[in-house]
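Below is one structure, written out as structure tokens; comments come after it.
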Amino acid sequence: MQVLIVNQAEVARLLPMDACMEAMAEALKAVARGEALLPRRQVLMLPGAAGAFAVMPAYLGPGAVLGLKSITVFPGNHGTELDSHQGAVLLFEAERGRLLAVMDASSITAIRTAAVSGVATRTLARADAGDLALLGTGVQALTHLEAMSRARRLRRVRAWSRDPEHVRAFAQRAARALGIRVEAAGSAREALEGADLVCTVTSSREPVLAGPWLAAGAHVNAVGASLPSARELDTAAVARACFFVDRRESALSEAGDFLIPQREGAVDEGHIRGELGELLLGRCRGRQSDAEVTVFKSLGLAVEDVAAARLIYDNAVKTGSGSRVELGGARDAGA
């Protein structure tokens with residue numbers, strides 16, 4: 001059987017941000033409607049805390065496709081020639097279990113994660129929001145900048161990283177790729193002054209954002225931390241915010257941004273107002289005033305990878321993109 005192979009550059013071309021945002025919104029609504037099967041990811045932490053190896057399967061209906069993302073996460077790759085996230089997404093059809101495609105996971109992860117943040121921003125941020133603070137300038141920063149520019153009209157963008165050289169390099173990439181001017185901030189607090197949109201996309205395990213630094217009415221996409229022991233937001237930031245997640249089950253087992261304040265007694269499970277898919281379906285309340293601070297805690301769901309892979313596959317078939325290899329799957333006629 002022939003299998004479609006889609007490389008990193010082709011993924012970026014076949015998964016445009018606007019279309020990906022729409023696909024992510026539909027996938028999250030499918031989760032809220034019970035139309036997806038989504039076991040928790042399995043994560044193997046490597047010796048010496050060098051990195052992690054994760055396996056994320058999912059089924060997505062309607063349309064009935066299966067998928068699996070297998071990915072390594074090595075934060076130490078930041079600043080090298082390699083992405084921090086590397087791996088592959090496998091897409092199957094669900095009628096007979098045929099493998100349809102193998103795709104680069106680095107670019108899918110970067111684009112679909114930012115697209116979900118874009119959906120959250122479009123749904124939760126104030127209509128007039130446009131002053132963006134980016135904390136972190138790694139692999140997620142550029143796609144998040146693009147998604148924020150799709151969700152709201154940006155007036156100003158400030159970025160901060162612990163390494164000023166990383167900020168300068170990121171500003172140059174943003175200018176080349178998106179035509180957006182990025183100002184370098186001397187500290188996270190400086191980047192947040194007056195910001196009404198915030199994306200935390202760091203690899204930090206300790207808070208980089210303190211609650212008192214947030215302007216009234218700000219919306220925060222908390223993206224970088226995905227372990228129970230790691231967080232980017234301090235307890236005060238979580239406690240003062242209207243808190244939303246991609247999936248409750250995942251947040252209550254993996255989101256240190258929520259679990260650590262919960263262990264401290266600052267919040268309980270009721271502090272999670274809803275899942276993003278529930279919000280999109282009108283099943284929970286979103287922003288109630290221009291003064292509220294909202295937080296969307298993103299952990300990343302396998303159903304998002306499957307939805308992205310399905311969109312890439314459809315676009316590849318339409319345009320004749322990718323390459324095909326014989327990989328097997330047909331019954332041996334001599335058996």
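The values are calculated or read from the model by the stated rules, or taken from the named source; none is laboratory data. Computed from a prediction, not measured in an experiment: that's the story for all the values here. Glycine also receives a Cβ, built like all others from the backbone with ideal geometry; neighbour counts cover every protein chain displayed.
Within region 221-241, restricting attention to residues that are crowded, with 24+ Cβ neighbours inside 10 Å and farther than 15 Å from GLY256 by Cβ, which residue is nearest to the chain's Cα centre (by Cα)? This residue is ASN221. Against the numbered list (1) outside the structural domain of PRO212 (by TED's automatic domain parsing); (2) more than 22 Å from the chain's Cα centre (by Cα), SER289 comes up short only at (1). Among the residues here, ALA255 qualifies as over 30 Å from GLY97 (Cα atoms) and buried (at least 18 other Cβ atoms within 10 Å of the Cβ). Going through (1) closer than 18 Å to PRO75 by Cα; (2) buried (at least 17 other Cβ atoms within 10 Å of the Cβ); (3) touching a strand residue (DSSP E or B) at 6+ places or on another chain (Cβ under 8 Å) one by one, SER204 falls short only on (3). Here is a check on your reading of the model: is LEU327 touching a residue at least 60 places away in the same chain (Cβ under 8 Å), buried (at least 18 other Cβ atoms within 10 Å of the Cβ) and of a type in the set (A, V, I, L, M, F, W, C)? Against the criterion (touching a residue at least 60 places away in the same chain (Cβ under 8 Å), buried (at least 18 other Cβ atoms within 10 Å of the Cβ) and of a type in the set (A, V, I, L, M, F, W, C)), LEU327 does not qualify. The condition (being surrounded by 15 or more Cβ atoms within 10 Å (Cβ to Cβ), farther than 29 Å from GLN42 by Cα and not basic (Lys, Arg)) is satisfied by just one residue among SER298, SER321, SER289: SER321.
Highlighted here are the strands (runs of 3 or more DSSP E) found entirely within region 49-114 that include at least 3 residues which are within 15 Å of ILE312 (Cβ to Cβ) and without any contact (Cβ under 8 Å) to a residue 60 or more places away in the chain: 85-93. Scan region 123-130 and tell me whether some residue there is over 17 Å from the mean Cα position of the chain (by Cα) and either among the polar types (S, T, N, Q) or part of a strand (DSSP E or B) (or both). No - not one qualifying residue is present in region 123-130.
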